[in-house]
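Remarks on the structure that follows.
The values are calculated or read from the model by the stated rules, or taken from the named source; none is laboratory data. For clarity, every value in this text was computed on a predicted model and none was experimentally measured. Please note: Cβ atoms are built from the backbone with ideal geometry, for glycine as well, and neighbour counts cover all protein chains shown.
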Amino acid sequence: MAGPDVTSPLAPFSGMSVLAIDDNPDNLLLVRAILEQQGMNRVHTESDSTRLVERLTESRPDLVLLDLHMPHVDGFEALNQIRQFAGGAFLPVLVLTADSTSEARNQALASGADDFLSKPIDVIEVVLRVANLLRTRALYVDLRREDDRDRYASTSASQATRDRISDVLANRAVVPVFQPIVDLEMLIIVGYEGLSRFADASFGGPDRWFADAFDVGLGVDLEWMAASEVVRHLDDLASDQFLSVNMSPATVLHLVDRELLPAAACPRIVVELTEHVPVEDYAAVQNAFAALRSHGARMAADDLGSGYAGFRHLTLLQPDIVKLDIALVAGIHRSREQRALVRALLSFADEVGSVVIAEGIEDEAEAAALKDLGVRWGQGYLLGRPAPLPVRDE
Ligand code: G
Ligand code: MN
């Protein structure tokens, strides 16, 4: 037997499996001789077409060479069986037959043959056509392998994320920090926003942790746990200070079936509806919040001016508190447009009885501009960074 011929068009495919089906053993010998001469080393032949499926199963071919006129199972029936066996995978079939009529050719091609050659055969043509079909098959196999690898990688990545979040949930491994909300005129702390910090920052900041949790279906659980850890500290605040907790719309809905805190604590609680996720059903959010609200809890529209939160959001949510996003606040002393927007929102809030809090105040100039406009409460690095609560002496 000749070794692989590197100059053969079939050289790159020498390890691929070929199955030839023909009721004439002489034809099979010829096909085998041609292919093996070109270096193909997995050539299988079968003269009994009733054994087709069995041979497909054991030889796992990358290409089938198929005769048309055979007793019992003819080429057309064989094409059917091959398609069924392949089950949607790309398994090329080259029909090789003594029947040179155009009817036979067209019918074979219409029945799903990928190529058609009739006798007398030209050895070079057979080799070239086989090479073309195997090249496409190799491409298909490669792509499918890559696809499987990607799918595997992404399932194992999300399994790792699920494990990481589950760990945090099981150990309640989130640290609440508190950022003061300050009366800009009197410079006294009127309340705190509770935020969450995660010990391992290598996966990103808190926003990333919550987004990852939502990706693997654990977002509500993580937000709920974080909110519970925040409200546990309510009694560490002065009794005239309020405490603000963050929730996504999906988490707010669970205020119906889970208890966040006793009714008596509600008057000092603000639930900030984070606005990085759109609210799909305002009525559901209102209903879920109704019980807490009836006990005196307030709702804040968070991050106004950043994402989805627009006028429609304000009218449908009817928040008690409007929190202006840092995007509206940063550099406000230099921007007539930002001041005009804040003035409009202040007037709106005043009209409907809400209070405005400016977030992300980083310097005196911003604080002064906001105070001039009439914003009563502010929050930001200038006034205090998120931190564990100071120990209070009673
Ligand atoms: O979406 P929400 O407003 O709840 O997010 C508050 C986030 O903003 C926190 O992560 C907090 O650390 C951050 N933050 C608070 N004050 C400031 C500030 O003055 N400047 C900036 N850049 N970020 C702030
Ligand atoms: Mn917030």
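Here is how the numbers come out for the structure above:
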read-out: Count of segment 61-75 residues which are modelled with pLDDT of 95 or more and more than 18 Å from Asp26 (Cα to Cα); value: 3
read-out: Filter result (closer than 28 Å to Thr315 by Cβ and touching a Lys or Arg at 6+ places or on another chain (Cβ under 9 Å)) within segment 232-274; value: Phe242, Leu243, Ser244, Cys266, Pro267, Ile269, Val270, Val271, Glu272
read-out: Which listed residue is β-branched (Val, Ile, Thr) and within 16 Å of ligand 2 (Cβ to nearest atom), from Ile165, Ile181, Ile189; value: Ile181
read-out: Filter result for Glu193 (within 16 Å of ligand 1 (Cβ to nearest atom) and in contact (Cβ under 8 Å) with a residue 60 or more places away in the chain); value: yes
read-out: Members of segment 308-325 found to be under 28 Å from the mean Cα position of the chain (by Cα) and near ligand 1 (Cβ under 10 Å from one of its atoms), listed by number; value: Asp325
read-out: Residues located in segment 356-381, provided they are within 23 Å of Val177 (Cβ to Cβ) and either within 37 Å of the chain's Cα centre (by Cα) or surrounded by fewer than 15 Cβ atoms within 10 Å (Cβ to Cβ) (or both); value: Ile357, Ala358, Glu359, Gly360, Ile361, Glu362, Asp363, Gly378, Gln379, Gly380, Tyr381
read-out: Among residues of segment 265-285, those that are away from ligand 1 (no atom under 16 Å from the Cβ) and either touching a residue at least 24 places away in the same chain (Cβ under 8 Å) or assigned to a loop (DSSP other than H, G, I, E, B) (or both), counted; value: 9
read-out: Listing of helices (runs of 4 or more DSSP H) fully contained in segment 298-394 that carry 1 or more residues being within 16 Å of ligand 2 (Cβ to nearest atom) and among the aliphatic types (A, V, I, L, M); value: 311-317, 326-329
read-out: Options Ala201, Ala173, Ala211: the member that is away from ligand 1 (no atom under 16 Å from the Cβ) and of a type outside the set (Lys, Arg); value: Ala173
read-out: Check on Ser166, surrounded by 14 or more Cβ atoms within 10 Å (Cβ to Cβ), at negative phi, in a helix (DSSP H, G or I) and more than 16 Å from ligand 1 (Cβ to nearest atom); value: yes
read-out: Test result for Glu223, within 16 Å of ligand 2 (Cβ to nearest atom), part of a strand (DSSP E or B) and among the charged types (D, E, K, R); value: no
read-out: Any hit, segment 231-244, residues being part of a loop (DSSP other than H, G, I, E, B), buried (at least 18 other Cβ atoms within 10 Å of the Cβ) and within 16 Å of ligand 2 (Cβ to nearest atom); value: no
read-out: Every residue from segment 123-151 that is touching a helix residue (DSSP H, G or I) at 6+ places or on another chain (Cβ under 9 Å) and not hydrophobic (A, V, I, L, M, F, W, C); value: Arg135, Arg137
read-out: Residue, modelled with the lowest pLDDT, within segment 290-304, restricted to residues that are out of contact with any strand residue (DSSP E or B) (no Cβ under 6 Å at 6 or more places or on another chain) and surrounded by 18 or more Cβ atoms within 10 Å (Cβ to Cβ); value: Asp303
read-out: Top-ranked residue of segment 261-286 - restricted to ones that are among the aliphatic types (A, V, I, L, M) and in contact with a strand residue (DSSP E or B) (Cβ under 8 Å, 6 or more places away or on another chain), ranked as farthest from ligand 2 (Cβ to nearest atom); value: Leu261
read-out: Residues of segment 183-213 classified as surrounded by fewer than 17 Cβ atoms within 10 Å (Cβ to Cβ) and part of a helix (DSSP H, G or I), total; value: 6
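Conditions (1) more than 19 Å from Ala157 (Cα to Cα); (2) touching a strand residue (DSSP E or B) at 6+ places or on another chain (Cβ under 8 Å); (3) of a type in the set (A, V, I, L, M, F, W, C), marked per residue:
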| residue | (1), (2), (3) |
| --- | --- |
| Met186 | yes, no, yes |
| Tyr192 | yes, yes, no |
| Phe198 | yes, yes, yes |
| Ala201 | no, no, yes |
